[in-house]
Amino acid sequence: MFNKFIQRPVLAIVISLVILFVGGLAIKTLPTSQFPEVAPPVVMVSASYPGASAKSLAESVIIPLEQSINGAWGMRYMTSDATSAGEANIQVVFEPGTDINQALVQVSNRVQQVTNRLPTLVQREGVVITPVIPSMLMYVNLYSKDKNADMKYLFNYAGVNMVPELQRINGIGQVRILGSRQYAMRIWLNPDRMRAYNVSPDEVMEALNDQSIIGKAGRIGRGDSKQAEALEYVLTYSDRFNDPTQYENVIIRSNKEGENLRLKDVATVALGSEYYDIYSSMNGNPSAALVLKQTYGSNATEVIKNVKLKLEELKKTFPPGMEYEISYDVSTFLDASIENVLHTLRDAFILMTLVVFIFLGDWRSTLIPTLAVPVSLIGAFFFMQLFGLSINMVTLFSLVLAMGIVVDNAIVVVEAVHAKMELENLSPYNAVRKVIGEISGAIIAITLVMVSVFIPVSFMSGPVGTFYRQFSITMAASIILSGVVALTVTPVLCAMILKNNHGKPKKQNFFTKIIDGFNRWFDKVTARYVNLLRKMAHRKLLTWSLTASFIAGIVVISNNLPSGFIPSEDQGMLYAIIQTPPGSTLERTNDLSEKLVKVINEVEGVKSVSSIAGYEVLTEVVVQMREHV
């Protein structure tokens, strides 16, 4: 069967070119990440009930939603929390491997079933359902050195001008500003004045709803098909109020004598922030912190590249004094990690070529495995795409290990052809024809045995199974392709490249002298090793003692070595968390955060410090180190 490839060398070469082509296309389209995605899909349900306590929020919002969401297909568990700021969050965790889009649909349908049972204000604010993307792609700070630009202005500018532009980038799953400092009309009620006028907050809300409205005034002069009008007018209305003075003049109550009680009599109206729930700063300047997360299966490096181009484009329209800084960029460490693995892959390929050349002693024989190995490795990327894998540290590391395995099949063919030419004095073509019929079964058996070692590992479950699955599929794919290459293009290369120089005197040069010297030394080492084995073969006690000592050493070392899921690596970032006592105000937390920022800025090697006070009741300080530190 495989002799047909010898008779049709173009077919064998085309097969290898097709493998290289589809593998190269897969390299361009495969998503890139540091490690495989092991976090289970999570859906976040968020609701807002302004003015409600945490207890009221839990009883009126969280409990009905949890009862409806519970039992969704594929759900593992869910957690919820309610804050005194009137915000509720429910995290629904699904089984690993669940389609995040199906999970979103299920949760959305179940939330819709109980929406009418929620308080009216919660329905008006809206129940937001979003997928939680676990890994942060970028952390961008928008700050200004202009003293007139406060935090409200920065939050509003980022929300209006930056977030919509960044969300349109392909591969961006979520762009979120930490906190809610956007512009809003704030009405501060005076309890003493309200008690004096006997006014309740409900009356104020009712007056605002009645007077600050979106009106539909209609038209004047429309024809009725009976009488033609000369002109037609569209009536307009001022719509909702957008100025503090308009709100101040809202009439809450009036009497027959024409006396009016206005909102300014019982409250103070000012243009402020939607919530005063966060303080954000960048190197002592007010800032707006943006967190960017990528969609599932996107290429992190490509997405970050497009984000940086968009930020530079937006920077041209920034007001004077406004700047942005990327405090965290996952591609910096990701590119460095992948580059190190690629360097290892390159060094391993060079080392493999040198070892093959030294032992085979012929550049023609060395060229054949050197050409065959890249076909197997590059073709493995096609199978990675076929099984939904990504280019990450695990898959690249498996290719480094696979290089030492896939080269064996090519060497077996080359060595067999040399042996046949030496024993029977055949031409390379005739030697290949005989060899391929003799060793094809052995190559298939070797390939199947090696694959059978890795295939069962791919069926492991859980986060650890995800890592081993990527490793085993990549190894198995490269090994199978090496068997295909060894039975198709490798024999063709042997027939085309090799020469029968056996029995002929070799031309002495610098390289042949080195190789001959190495062979003599290797023969001596082999002879000594054989003598050592002969002496140990009859001494069972010594053999079993050495075996037991090796086993004991493995057990001792395994028990003493530290264990972990993923090795810790320096990414040039430090995270400091300040937790103040319960009941502490946000301003107190921010003061402590600013003190910590000043201390950190005095440390040599610190490039920038981003401080956020009030984010999830914790302060998260991100410190970015210079590259040379």
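Worth a mention:
- Among (1) closer than 17 Å to Ile6 by Cβ; (2) of a type in the set (A, V, I, L, M); (3) touching a Phe, Trp or Tyr at 6+ places or on another chain (Cβ under 7 Å) - the single one Met393 does not satisfy: (1)
- Considering the conditions (1) open to solvent by 70 Å² or more (accessible area, probe 1.4 Å); (2) within 24 Å of Val355 (Cα to Cα); (3) modelled with pLDDT of 85 or more, Val413 is excluded by exactly one of them, (1).
- Filter result for the condition that a residue is more than 19 Å from Leu30 (Cβ to Cβ), without any contact (Cβ under 8 Å) to a residue 24 or more places away in the chain, assigned to a helix (DSSP H, G or I) and under 34 Å from the mean Cα position of the chain (by Cα), over Ile479, Ile455: Ile455
- Checked against the criterion of being open to solvent by less than 50 Å² (accessible area, probe 1.4 Å), closer than 21 Å to Ile479 by Cβ and in contact with a strand residue (DSSP E or B) (Cβ under 8 Å, 6 or more places away or on another chain), the candidates Ser390, Ser376, Ser398 yield just one match: Ser390.
- Pair list, Cβ under 6 Å, 6 or more apart: the stretch 407-431 residue in contact (Cβ under 8 Å) with a residue 12 or more places away in the chain and among the hydrophobic types (A, V, I, L, M, F, W, C), other residue outside any helix (DSSP H, G or I) and open to solvent by 50 Å² or more (accessible area, probe 1.4 Å): Met421/His502
- If only residues of the stretch 241-265 that are under 19 Å from Arg195 (Cβ atoms) and part of a helix (DSSP H, G or I) are counted, the one that is most open to solvent (accessible area, probe 1.4 Å) is Lys264.
- Listed by position, the strands (runs of 3 or more DSSP E) enclosed by the stretch 138-240 that each have at least 1 residues that are more than 33 Å from the chain's Cα centre (by Cα) and either surrounded by 14 or more Cβ atoms within 10 Å (Cβ to Cβ) or touching a residue at least 40 places away in the same chain (Cβ under 8 Å) (or both) are 183-189.
Okay, residues lined up against (1) modelled with pLDDT of 80 or more; (2) open to solvent by 50 Å² or more (accessible area, probe 1.4 Å); (3) part of a helix (DSSP H, G or I):
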{"site": "Val525", "(1), (2), (3)": "yes, yes, yes"}
{"site": "Leu546", "(1), (2), (3)": "yes, yes, yes"}
{"site": "Phe550", "(1), (2), (3)": "yes, yes, yes"}
{"site": "Gly564", "(1), (2), (3)": "no, yes, no"}
{"site": "Ser584", "(1), (2), (3)": "no, no, no"}
{"site": "Glu604", "(1), (2), (3)": "yes, yes, no"}
{"site": "Ile612", "(1), (2), (3)": "no, no, no"}
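- Any hit, the stretch 420-443, residues being under 30 Å from Ile338 (Cβ atoms), assigned to a helix (DSSP H, G or I) and of a type outside the set (Ser, Thr, Tyr): no
- Filtered residues of the stretch 428-448 (kept if under 11 Å from Cys494 (Cβ atoms) and open to solvent by 30 Å² or more (accessible area, probe 1.4 Å)): Tyr429, Arg433
- Residue that is more than 30 Å from Thr488 (Cα to Cα), open to solvent by less than 70 Å² (accessible area, probe 1.4 Å) and touching a Pro at 6+ places or on another chain (Cβ under 9 Å), where the choices are Ala47, Ala52, Ala58, Ala72: Ala52
- From the options Thr115, Thr130, Thr83, Thr98, residue that is in contact with a helix residue (DSSP H, G or I) (Cβ under 9 Å, 6 or more places away or on another chain) and closer than 26 Å to Val303 by Cβ: Thr130
- The stretch 5-33 - residue that is more than 22 Å from the chain's Cα centre (by Cα) and over 20 Å from Ile368 (Cβ atoms) and, of those, most open to solvent (accessible area, probe 1.4 Å): Phe21
- Of all residue pairs spaced 6 or more apart or on separate chains, those with beta-carbon atoms under 7 Å, a first member in the stretch 488-516 that is at pLDDT below 80 and a second member that is open to solvent by 40 Å² or more (accessible area, probe 1.4 Å) and among the acidic types (Asp, Glu) are His502/Glu422.
- Residue list for the stretch 294-323, restricted to those being at pLDDT 90 or above and under 16 Å from Leu137 (Cβ atoms): Asn306, Val307, Lys308, Leu309, Lys310, Leu311
- Within the stretch 97-115, restricting attention to residues that are in contact with a strand residue (DSSP E or B) (Cβ under 9 Å, 6 or more places away or on another chain) and open to solvent by less than 70 Å² (accessible area, probe 1.4 Å), the residue that is farthest from Gly462 (Cα to Cα) is Val111.
- Answer residue from the stretch 34-43, given it is surrounded by 15 or more Cβ atoms within 10 Å (Cβ to Cβ) and of a type outside the set (Phe, Trp, Tyr) and is farthest from Thr130 (Cα to Cα) among those: Gln34
- Residue match in the stretch 8-24 (condition: out of contact with any His (no Cβ under 9 Å at 6 or more places or on another chain) and either under 26 Å from Gln174 (Cα atoms) or of a type in the set (Lys, Arg) (or both)): yes
- Flag if Gly86 is under 31 Å from the mean Cα position of the chain (by Cα) and open to solvent by less than 50 Å² (accessible area, probe 1.4 Å): no
The values are calculated or read from the model by the stated rules, or taken from the named source; none is laboratory data. Computed from a predicted model, the values in this text were never measured in an experiment. Every residue, glycine among them, receives a Cβ derived from its backbone with ideal geometry; neighbour counts consider all protein chains shown. Accessible surface is based on the protein model in full, side chains and every heavy atom, while ligands, DNA and RNA are left aside. Shrake-Rupley method; radii C 1.70, N 1.55, O 1.52, S 1.80 Å.
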